[in-house]
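Below: one structure, written as structure tokens.
Bear in mind these aren't lab numbers, they're just calculated from the coordinates by the rules spelled out. Every value quoted in this text rests on a predicted model; they were computed, and no experiment measured them. Here the Cβ positions follow ideal geometry from the backbone for every residue, glycine too, while neighbour counts run over all protein chains shown.
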Amino acid sequence: MEIDRDKLPEDVAALRQMVAALLEEVDSKERRLQQLQHLLEQLLRWRYGPKRERVNENQLFLFAVGIITAAHEAPPPLEDTKADKPMRQGHGRQRLPESLARKRVVYDLGEDERQCPQCQGELRHIGEEVSERLEYVPASLYVIEEACQKYACVKGCTVLTAQKPMQPIEKGLPGRGLLAHVAVSKYADHLPLYRQEGIFRRHGVTLSRQTMCDWMWRCARLVSPLFDLMKERVLKSKVMQTDDTPVGVLDSTLPRTRLGRIWTYVGDDLHPYTVYDYTPSRSRDGPQAFMEKFSGFLQADAYSGYDGLYADPKREVVEVACWAHTRRKFYEAQSLDLMRSTVMLAYIRLLYDVEREAHDMKLDGEGRLALRQAKSVPILDDIKAYLEREQPKVLPKSPEGQAITYALSNWKALVRYSEDGDLEIDNNGAERSLRGVAVGRKNWLFFGSDNGGRTAAVLTSFITTCKRLDIDPFAYLRDIFERLSTHPQSRLAELLPDLWMAARRATGDC
């Protein structure tokens, strides 16, 4: 608002109107300044600060005591719980696994040293002191010469040649162990192919990154039937968690990379698989197509692309929201509204205390449901009442106002976990499954094409599932690369990670 200082109005009403307009403009600029300051703080924390959303424990406790008192409950007394805590193990060296091969080296006294230095009598052997030292043997490459013997009829009728077993890549150079090593190094250990190229060169072998990229594509095609079966099993889960993360993709039609998307789908305990899917964009068509045959509880963030699944009554997909996403919004709003944000963080901390209690008690689904109904539901009722009371007091577009709106607009989905003991309070399982992709893209930076994204999704599905089941992904991939080509299609499920591990344990192979 421009004002000519030399021509100010003489009318009091006009001056009042001018002052009111100026105050409104100042308030608007102040709000804008606060929003920019909030965004700057979030960017600086994202760029330089810790990623963990830690809050001062004493500050939360003060608010938690007030919350408990307001709910007509006495605050918990401070007790010495040292007697109830298990004894902490020392920080000494852990014993090395018995499964490791051991090479025994004996150090003995020489013949001239086996006499007593006092009386010169002969020393007799009374035992030994054994210590262990961990040694490392560098990985090595070796060549397998495959000699197919030939036989000919003595009368010259025919010639027969022994046939080789089918290989993961027919007429290809790599063995199953080398293929498994390249896959695990890239998708589990996040070593880009160009770094592996240099490692192999130190071993005296030249393997170009383009060649290894083609190997991974062929491996993904080889395991595709097993991947489809694993996807089918995941979609039978009662509860499935999902999330997504962006990944750069090279595009020959653009001067820069564009953003593709990796989606994760985490099955429940009865279907313990983690399956990834790649899409060229974040269109809702990706999850819609993947979950075409899914019905059950879907736990995800508030991405609008899932709304079509929830709205279709034929799909029978029930939305379960995530308290971790809700908490994050209040955590980020602390810079502009510390009081309300800290109260909400304390409330959410109480909800997680109930979940921690259920975990420590090792409760099943029914036990968790009973505990949540007794302890979590009253807290949830208090949270809703508090949010509805505070919502009119904050600006809708402020960080705190947006956090409150997010929580109330998703309230039905947020409290759904308290209605079923098989549901989780948050979507952290899916977020953890994407951590490897986030670490990997800092190393290999981008996918070379959409095909590269699909290859990564397939192979990462098996590697992450192996990690989830505490299986060595190298041993698993090496075995299935050899067996898939000849394994009966009717018994393909035997090669799924959980059934594969169960079979090995039954035969004592692990």
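Based on the alpha-carbon gyration tensor of region 263-418 and its eigenvalue square roots a ≥ b ≥ c, which shape applies: rounded if a/c is under 1.5, prolate if not and a/b is larger than b/c, or oblate?
oblate
Using amide H atoms built 1.01 Å from N in the peptide plane, name the residues 5+ places from Ser398, or on other chains, whose amide H lies under 5 Å from its own.
For Ser398, whose amide H was placed from the backbone, there are no distant partners under 5 Å.
With point charges of +1 on the Cβ of Lys and Arg and -1 on the Cβ of Asp and Glu, referenced to the Cα centre of the chain, which listed residue (Pro138, Gly156, Thr342) lies farthest in the positive direction of the dipole?
Gly156
Which loop-located trypsin sites (Lys or Arg not before Pro) does region 248-338 contain, where loop means any DSSP state but H, G, I, E or B and the Cβ has at most 12 other Cβ atoms within 10 Å?
Hits after loop and neighbour filter: Arg256, Lys293, Lys314.
If contacts are Cα pairs under 8 angstrom and at least 6 residues apart, what is the relative contact order of the chain in percent?
About 19 percent, as a whole number.
For the chain, what is the charge dipole size about the Cα centre, in debye to the nearest 20, if Lys and Arg each add +1 at the Cβ and Asp and Glu each add -1 at the Cβ?
Charge dipole, the chain, about its Cα centre: 1820 debye, nearest 20.
Give the distance, in whole Å, between the Cα centre of region 208-268 and the Cα centre of region 393-461.
17 Å
Fewest to most neighbouring Cβ within 10 Å: what's the order for Asp108, Asp382?
Going from least to most buried by this count: Asp108, Asp382.
Among (i) 3, 13, 19, 20, 17, 12, 7, 5, 3, 1, 0, 0, 0; (ii) 4, 14, 18, 14, 11, 9, 8, 7, 5, 3, 2, 2, 2, 1, 0, 0; (iii) 3, 17, 25, 24, 17, 9, 4, 1, 0, which one is P(r) over Cα pairs in 10 Å bins from 0, in percent computed from these coordinates?
From the options (i) 3, 13, 19, 20, 17, 12, 7, 5, 3, 1, 0, 0, 0; (ii) 4, 14, 18, 14, 11, 9, 8, 7, 5, 3, 2, 2, 2, 1, 0, 0; (iii) 3, 17, 25, 24, 17, 9, 4, 1, 0, the structure gives (i).
Region 372-427: which trypsin sites (Lys or Arg not before Pro) are DSSP loop and have at most 14 other beta-carbon atoms within 10 angstrom?
Hits after loop and neighbour filter: Lys397.
Read phi for every residue in region 496-506 and hand back ³J(HN,Hα) as whole Hz from Karplus 6.51 cos²θ - 1.76 cosθ + 1.60, θ = phi - 60°, with x for Gly and Pro.
4, x, 5, 6, 4, 5, 5, 5, 5, 5, 5
How would you rank Met344, Met291, Met339, Met18, going from fewest to most other Cβ atoms within 10 Å of each one's own Cβ?
Listed from fewest to most nearby Cβ atoms, that is Met339, Met18, Met291, Met344.
Arrange the following residues from fewest to most other Cβ atoms within 10 Å of their Cβ: Ser461, Ser398, Ser237.
Lowest count first: Ser398, Ser237, Ser461.
With each pseudo-label sitting 7 Å past Cα toward Cβ, what's the Leu39-Leu254 distance in nm, one decimal?
Roughly 2.2 nm, to one decimal.
Using +1 at the Cβ of each Lys and Arg and -1 at the Cβ of each Asp and Glu in the chain, identify which of Gly453, His325, Thr245 lies farthest towards the dipole's positive end.
Final value for the positive-end residue is Gly453.
Set Lys and Arg Cβ to +1 and Asp and Glu Cβ to -1, take the dipole of the chain about its Cα centre, and tell me which of Gly367, His271, Gln37 lies farthest positive.
Farthest towards the positive pole: His271.
Once amide H atoms are built 1.01 Å from N in the peptide plane, which residues 5 or more positions from Gly296, or in another chain, come under 5 Å H to H?
Val317, Val318
Per DSSP H run of n ≥ 4, the term is -39500 (n - 2.57); total these for the chain, divide by its residue number, and report the mean residue ellipticity at 222 nm rounded to 500 deg cm²/dmol.
My calculation for the chain gives -14000 deg cm²/dmol from helical runs alone.
Can you tell me the dipole magnitude for region 336-440 around its Cα centre, using point charges on the Cβ only (Lys, Arg +1; Asp, Glu -1), in Debye to the nearest 20?
340 debye
Does region 367-510 classify as rounded, prolate or oblate by the C-alpha gyration tensor (a ≥ b ≥ c root eigenvalues; a/c under 1.5 gives rounded; else a/b over b/c gives prolate, otherwise oblate)?
Because a/c hits 1.5 or more and a/b fails to exceed b/c, region 367-510 counts as oblate.
Please list 3J(HN,Hα) in residue order for region 359-375, calculated via the Karplus relation 6.51 cos²θ - 1.76 cosθ + 1.60 where θ = phi - 60°; whole Hz, with x for glycine and proline.
Result, ordered by residue: 5, 5, 7, 6, 7, 7, x, 5, x, 5, 4, 5, 5, 5, 4, 7, 10 Hz.
List the trypsin sites (Lys or Arg not before Pro) in region 152-244 that DSSP assigns to loop (not H, G, I, E or B) and whose Cβ has at most 11 other Cβ atoms within 10 Å. Which are they?
Those satisfying the criteria are Lys155, Lys171.
For region 398-510, give the magnitude of the charge dipole about the Cα centre (Cβ charges: +1 Lys/Arg, -1 Asp/Glu; no others), in debye to the nearest 20.
Value, rounded to 20: 400 debye.
May I ask you to derive the relative contact order of region 158-285, considering only C-alpha pairs under 8 Å and at least 6 residues apart, and to give it as an integer percent?
Relative contact order for region 158-285 comes out at 16 percent.
Give me a comma-separated list of calculated 3J(HN,Hα) values for region 412-420, in order, Karplus coefficients 6.51, -1.76, 1.60 applied at θ = phi - 60°, integers in Hz, x for any Gly or Pro.
4, 6, 6, 8, 5, 5, 7, 9, 8
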